[in-house]
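Reviewing the structure listed below.
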Amino acid sequence: MSGALPTLAEAPTEASLRRKRLRISVPLTLGIIITVFFLVCAIVPGWIAPYDPLSFDYSNLQVGPSWIHLLGTDNFGRDELSRIIWAAQVDIQIALFCTIPPLIVGTIIGSLVGYYGGIADMIFGRVVDLVVTFPFMVLVIAIVAVLGPGLVNVYIAVSAVGWVFYARLVRSEIMVLRQADFAAAGRVMGYSDLRIIFRHLLPNALIAVVVYWMTDMALDILLGSSLGYLGLGAQPPTAEWGVLVSDGKNFMDTSWWMSVFPGIAIVLCGTGLSLLGDGVADLLAVKR
Amino acid sequence: MTTPLLSIRGLRTTLATERGQVTVVDGVDLDVQPGEILGLVGESGSGKSMTLRSILRLIRAPGRVSGQVLWRGRDLVPLREAEMRAIRGREIGMIFQEPMTALNPVLSVGAQILENLVAHTDLGRSARQARAVELLDLVGISAPAQRVNDYPHQFSGGMRQRAMIAIALASNPTLLLADEPTTALDVTIQDQILKLLMHLRATLKMAVILVTHDLGVVAQSCDRVAVLYAGRVAEYGAVGPVFAAPHHAYTLGLLRSVPDARHARQPLRPIGGAPPAPDTVGERCAFMPRCAYATAACATARPPLVSLSDGRLSACVHWDQLEANEWAAV
Amino acid sequence: MLARLPGRLLQMIPTFVLIGIVVFVLIRLLPGDPAAALLGIHATPEALARINAQLGFNRPVWVQFLLFVGRLLHGDLGISVSERIPVTEVIARRLPVTLILVVMAAIFALILALPLAFVAALHQNRLTDVALRGIFQVGLSTPIFYIGLLMLGFLGARLHWFPVGGIGNGVVSGFYHLFLPALTLGIGLSAILMRSLRSTVIGVLRAEYVEFARAKGIAPWRVLTGHVLRNSLITTLTLFGLNVGTLLGNTVIVENVFAVPGIGGLLVEAIFGRDYPVVQGVTLVLAVMVSLVFLLTDIAESWLDPRLNG
C-alpha cells in the first residue's frame, strides 16, 4: 500500500504525456497570432480599416505617419493602413489559390504514383528532375509571360509547377505506408485499391502535406507579391502588397512609408505562416 | 617506488546536459608510473573515457573538471588553455576508439600528422614530411612514403588505427591515452594493435593508459590495472595479484562474469543490474545494490580507497573476506 | 575528377533535352497562331508565311520539335521581335553582367552565411544564436525586391552612398554599381543557407575528428579553419548547388529593382514587349545555367571531399 502511492504519483499519466508532447511553443504562438490577425484582415477588412482604401484625398497627399493616418497616405491621399489591410484579402487569396489546386492535384497524383509505382513512377521521376532543374521563379515568370500578366494566370502558372512538390512528398510517404500491416490487411479484406489508398494510407500522409502546405503558403505570398511588384501579378488598381510597394518605389526619398509599410506586411505575414508551419511540424514531430 | 609520471587525486568532472549538471567522474585517484601500461576497466558509464578526457581537459564548457592532475609534479587543472595546448599532443597524446570517425575524412593522413608537428616542433617543411613517413613506418604501415598522402577511407580498419597512433605519437609524447583502441576492430587485428602498443611503449619509453572493458586485453598487455565503478576507482594494483586475488567485490564479479579469462575477448557481461550514475549513489558503497557480500556496514558511508599491502588499493569494506578467484592461474 | 567530366556532361544530355521540351512547349501555350505571336507587331501576311515555312508551324508537332532542337544545336534561338537581331546576340550582350552579378552574390552569401552560421553554432541556444536565427527567420520571409528596394531607397537615394541603378562605366564603377544588387541577392541566399549551415556546423563541431584535433594540442583557430570550416564547406557547396535556381530567379527580380542591364531585366522587358523569342531564349539560358552550376558544384565537391573520388 505504502509502496503503491509514490508509484502513482511518479508514473506519468496518458494525459500528462500528451500535454507534454503538445506543448505549444513561443514561435508557434506567435505564428498563430500573426496568421489569425491577417486572416481577420482578409475576411472583414471593412471592420478594421479606418478609411476607405480607394477614396482620394487631394488635401492630404503623401502625408507621413501621424495619428490621423497611422501609416501615412499615398500620392492620391489614400490611407496607407487601410490599403494594406484591404490588400491582405488579395494576398491571402494568393496564398490559398496558389496552393490549394496543387495540393489537391499533387496529393492525388502522388498517392497513385506512390501506390502503383511502375512506369507512372518513372515518368513522374522525369517530371521531378525537370522541375528541379528549372528555377521555379523563372518557370512561373515564363508561363505568366506567355499567358499574360494577371492574378489568374499566376494561379495557373504556380499550380502548373507546384503540384510536383506535393506529389513528390505524398509519393514518398505512400511508398512507406504501402508496406505497413494495415495496408496488407486492407488487401486481405478485399478492399479496392482506391479505398486502401484514400481511406487508409492517405490520411496518414496528410500531416506532412499540411505542414508543407503552410510553408508553401508563405513562399507563395512572397512569390505573388514579387510578381505583383514586377507588374506580372495583381494589376492596379487592385491593392496587393507587392503592387503597393511598387507604387511607392519612386517616392522612396520623399515618402518612404509608401513602400516600407506594405513590405513589412509581407514580411510579417510570411514570417507568421512559416512560424506556424515550423511550429506545427515540431509539435507533431514531422521531419522535413 | 619511483615518483609517478601522472598522479591524479580527487578528479571530478561534471557535464552539462539537458537535465542539468551530471557528475561523470566522481573523485578518481590514480598513479601512472613512467613507462608502464595502466589498464582502466569498467562497464559503460563507469567514467573510464571521461577520466581520460578530463586529464587533457577535453571537456566542453560548461562541463567542469576539478581536483588535481599532477603531471610531472605540475597541476594541469588550473592551467590556462594555451598552456594546456602545449601539453596536449606534445607531452600527452591521445587515441580514440573509432579511427573512422576520429580521423578527418577530408584530410590525408600525412596532413593530420603534419598539423601536430607544426603545432609542437620547429621542424622545417621537408623535415616534417620525412618525420610523417618515419612515423607511419614506425607503426607498421608498409610503403609509408606512398601512403602518407592517402586519405583515411583508403586504409583498412587496422591500418587506420595504426595511422591514428602515428598521428598521436608525432611529437613523442611521454604518455599515451588510449580510449578503447581495439574495441572497434576484429579479434586478430586487436591483437596486432595491442602488440604494437606494447612494442611502442618499450621502444619509445612511453607510458600508456589503456581504457578497455575487456579483461583479456588487460591481462595480455597491462602492468597495472584500475577498476572503475560509478565514476570512482574501486580497486587498483598490479595486474597479476589483482586478477589472482581481487580485493573488491566488484572486481571479483567482473572476473567471474568472463567464462574463461584466457580466451576472454568479449565485452563484460557482469553482475545483474547496471552501475548507478555517480550522482545517485549517496552515502553508501556504490556497488552495494548488486553485491553478494553487502552488509549493513556498506550502507554507512561511501567506502574510501584505502592502501593495502604491495601498493594495492581497494574501496571495499569486505576486501579481506572475498573468496579467491577460482581460475587464479591466469 | 577531370577524367570524369565527359561522363558527367553526357549525363546532362537528358536534362538538356527536358529543358528543350519545356521551352518548346512554352511558346505553344500562346493563344492563337504561334507565328503571329512570334512576329508580334511585325506580322504581315508575307512574314507569317515566311515564319510558318521557316519554323514549320504547319508540320506535325514532333517535326516541329526536331526542327527546334536542330536550330538550338546550331545556336539559333530565333530573331528578337523588338530588336530585329538574333536572340543569341541580344542575350550574349547582356549575359556577362548577370554572370558577374551572380558570382558576386554567391560570394556575399558565403561571406555572410558561413561566419554567422559559425557564430550561431558556437553559441548554440544562447542569446546570440537565438537572435541570429530570429533575424534569418525574418530574412527568409522577406521578398527579395523589398530587400533591394530598402537598400536602394536608404543607402542609395537617401544617403547617396551607392548609385541607384545601371552599371556605370569601367570596371571599378561597374563593381560599385553592382555592389548593392549583389548584396541584396547575397542576403537573400544567405538566409536560405544559414539554417542548414548552422546545423551542419553544430554537427561538425561535435564530430570526433574535431575532438581528436583538439587532443593534438593545435590552436583553436586551426581546429576551426583546418577541420570545422573545411568539412562544413562541402555541405555549403551542396546547399549552394541546390539553391542556385532560387538565386537565378531572384536575379530576375533584383536586376529589375536596380535597373541592371542583365538577362533578368531582359526577361521582364521582353515579357512586356511581347518579344516571345527572347522570353524563350532567356528561360533556356537560365535553366542551362542551373544545370551547369549543378555540374560545377559536383566537381568542386569531389575536389574537396576525397571520399567522392572512390
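Every read-out reported here was derived from the displayed coordinates using simple, explicitly stated rules and does not represent laboratory data. Model, not experiment: these values are computed from the prediction. Glycine gets a Cβ as well: all are built from the backbone with ideal geometry, and neighbour counts include every protein chain shown.
Got a sec? How would A:S226, A:S159, B:S257, B:S142 order by Cβ neighbour count within 10 Å, fewest to most?
Ascending number of Cβ neighbours within 10 Å: B:S142, B:S257, A:S159, A:S226.
With springs only between Cα atoms under 10 Å apart, run a GNM on chain C and tell me which of C:G168, C:G281, C:G20 wobbles the most.
Residue with maximal mean-square fluctuation among C:G168, C:G281, C:G20: C:G168.
What average number of partner chain Cβ atoms lie no more than 10 Å from the Cβ of the residues making up A:51-59?
Mean partner shielding for this stretch: 0.
Tilt of helix C:61-73 relative to the longest C-alpha principal axis of chain C, in degrees (0 to 90, nearest 10)?
For helix C:61-73, the angle is close to 60 degrees.
Name the residues whose placed amide hydrogens come within less than 5 Å of the amide hydrogen of B:V233, ignoring near sequence neighbours (fewer than 5 apart) on the same chain.
Distant-sequence amide H within range of B:V233: B:D29.
Between C:V25 and B:A82, with labels modelled 7 Å along Cα→Cβ, what's the label distance in nm to one decimal, could you check?
6.5 nm
Quickly work out the B:A130-to-B:D310 label distance, labels modelled 7 Å from Cα along the C-beta direction, and quote it in nm with one decimal.
For B:D310 paired with B:A130, the spin-label model returns 4.9 nm.
How many Cβ atoms of partner chains, on average, are near each residue of A:220-229 if near means within 10 Å of its Cβ?
4
Report, by chain and number, residues whose modeled amide H sits under 5 Å from the one on B:A226, excluding near sequence neighbours (fewer than 5 apart, same chain).
B:G39, B:L40, B:V41
Under 20 Å from a point placed 7 Å out from the Cα of B:L15 along the Cα-to-Cβ direction: which residues of the range B:189-228 have their backbone N that close?
Under 20 Å, as judged by backbone N against the label point of B:L15, lie B:210-214, B:228 of the range B:189-228.
Report the net charge of residues surrounding A:A167, where surrounding means a beta-carbon distance below 12 angstrom and charges are Lys +1, Arg +1, Asp -1, Glu -1.
Within the 12 Å Cβ shell, the charges total 0.
In whole percent, what relative contact order does chain C give with Cα contacts below 8 Å and a gap of six or more residues?
About 25 percent, as a whole number.
Can you sort C:R126, B:R19 from fewest to most other Cβ atoms within 10 Å of each residue's own Cβ?
B:R19, C:R126
Using the 10 angstrom Cβ neighbour count as an exposure proxy, how do C:R50, A:R78 rank, fewest first?
Exposure proxy ranking, most exposed first: C:R50, A:R78.
Would you compute, from DSSP H runs of 4+ residues alone, the mean residue ellipticity of chain B at 222 nm, taking -39500 (n - 2.57) per run and dividing by the full residue count, rounded to the nearest 500?
-9000 deg cm²/dmol
Roughly how many debye, to the nearest 20, is the charge dipole of the protein assembly as shown about its Cα centre, given +1 on each Lys and Arg Cβ, -1 on each Asp and Glu Cβ, and no other charges?
Roughly 1260 debye for the protein assembly as shown.
Using r as the Cβ-Cβ distance of A:I119 and A:A184, and R0 as 41 Å, what FRET efficiency do you calculate, to the nearest 0.05? Before the final figure, lay out each step's value.
Values: r = 24 Å, r/R0 = 0.58.
My answer for the efficiency is 0.95.
Can you work out ³J(HN,Hα) from phi for every residue in the range C:261-270, in order, using Karplus 6.51 cos²θ - 1.76 cosθ + 1.60 and θ = phi - 60°, giving whole Hz and x for Gly and Pro?
Couplings: x, x, 6, x, x, 4, 4, 5, 4, 5 Hz.
What's the magnitude of the charge dipole for chain A around its Cα centre, counting Lys and Arg as +1 and Asp and Glu as -1 at the beta-carbon? Answer in Debye, nearest 20.
On the way: 17 positive and 20 negative charges, 228 e Å.
Approximately 1100 debye in magnitude.
At 15 angstrom or more along the helix axis (alpha-carbon based) and mean Kyte-Doolittle of 0.0 or higher, what helices does chain A contain? Whole DSSP H runs only.
A:26-43, A:80-97, A:100-116, A:118-133, A:136-147, A:151-177, A:202-230, A:257-283
With a Förster radius of 51 Å, plug the Cβ-Cβ distance of A:D57 and C:A131 into 1/(1 + (r/R0)^6) and report the FRET value to the nearest 0.05.
0.80
How would you order A:254-266, B:179-191 from highest to lowest mean count of nearby Cβ atoms within 10 Å?
A:254-266, B:179-191
Using θ = phi - 60° and the Karplus curve 6.51 cos²θ - 1.76 cosθ + 1.60, what whole-Hz ³J(HN,Hα) does each residue of the range C:189-195 get, with Gly and Pro shown as x?
5, 5, 4, 6, 6, 3, 4
What number comes out for the charge environment of C:G262, summing +1 per Lys or Arg and -1 per Asp or Glu over other residues with Cβ under 9 Å away?
Overall, the nearby charge balance is 0.
Roughly what angle does helix B:187-204 make with the longest principal axis of chain B, taking Cα atoms, 0 to 90 degrees, to the nearest 10?
With rounding to tens, the tilt is 80 degrees.
Mind putting a number on the dipole of the range B:1-128 about its Cα centre? Charges go on the C-beta only, +1 for Lys and Arg and -1 for Asp and Glu, and I need it in Debye to the nearest 20.
Details: 16 positive and 13 negative charges, 70 e Å.
Dipole size: approximately 340 debye.
Pairing the Cα long axis of helix C:45-55 with the longest principal axis of chain C, what angle in degrees results, from 0 to 90 and rounded to the nearest 10?
Its long axis makes an angle of about 50 degrees.
Determine which aspartates and glutamates satisfy two conditions relative to C:K216: a Cα distance under 15 Å, and not lying fewer than 8 residues away in the same chain.
B:E81, B:E83, B:E91, B:E115, B:D179, C:E208
Which whole number gives the average count of other chain Cβ atoms within 10 Å of the Cβ atoms across peptide A:126-134?
5
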